[in-house]
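Following: one structure in structure tokens, then a few remarks.
What follows draws every value from the coordinates through simple rules; no lab data is involved. This one's a predicted model, so the numbers in the text were calculated from it and none came from an experiment. No Cβ is skipped: glycine too gets one built from the backbone with ideal geometry, and neighbour counts run over all protein chains shown.
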Amino acid sequence: MAAPAWKSAADLADGYLTLNSVMLKKFLPQELVALQAELERAARETRGTIVAQDDADAGQKKNRRLLRISQALTVLQAFRIRGK
């Protein structure tokens, strides 16, 4: 892995990076486990963020971040299942 798992998870959550099967082939199995753990941690932290009800922009930003994390976890889990 070129970057630490926490950095890759942050980049995925912010939309700077997307996961696909070609990219995931370069990772070792333990790196995939670490990335999944960091993505799950990022999702918990994002869900725990409190946004004011009248701040629509912040709410949308939080929801987009959660969506990107969820999509990355889905791709990662599918890849790990197929790889076994």
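The mean sequence distance of close C-alpha pairs (under 8 Å, at least 6 residues apart), as a share of the length of the chain, puts its relative contact order at 40 percent. When the chain is described by a simple charge dipole with +1 on each Lys and Arg Cβ and -1 on each Asp and Glu Cβ, the residue from Leu17, Ala43, Pro29 located farthest towards its positive end is Pro29. Helix-only arithmetic for the chain: the sum of -39500 (n - 2.57) across DSSP H runs with n ≥ 4, divided by the residue total, places the mean residue ellipticity at 222 nm at -24500 deg cm²/dmol. Relative to the longest principal axis of the Cα atoms of the chain, the long axis of helix 56-83 makes an angle of roughly 20 degrees.
Quick one: in the stretch 29-84, what % of C-alpha pairs are over 18 Å apart? Don't skip to the answer; put the middle values down first.
Details: 639 of 1540 pairs.
More than 18 Å apart: 41 percent of the Cα pairs in the stretch 29-84.
Going from the residue with the fewest nearby Cβ atoms within 10 Å to the one with the most, Arg68, Arg82 rank Arg82, Arg68.
Helix 5-14 and the longest principal axis of the Cα set of the chain meet at an angle near 50°. Angle of helix 29-48 to the longest C-alpha principal axis of the chain, folded into 0 to 90 degrees and rounded to 10: 10°. Placing pseudo-labels 7 Å out from each Cα toward the beta carbon at Lys7 and Arg41 gives an inter-label distance of 1.5 nm.
Student exercise: in the chain, how many lysine pairs 8 or more apart or on different chains have Cα atoms under 29 Å apart?
Final tally of qualifying lysine pairs is 7.
Measuring r between the beta carbons of Glu31 and Asp57 and using R0 = 30 Å, the FRET efficiency lands at 0.30. Residues Leu28, Leu12 in ascending order of nearby Cβ atoms (within 10 Å, fewest first): Leu28, Leu12.
Taking Cα centre as origin and charging only the Cβ of basic (Lys, Arg, +1) and acidic (Asp, Glu, -1) residues, the dipole magnitude of the chain rounds to 420 debye.
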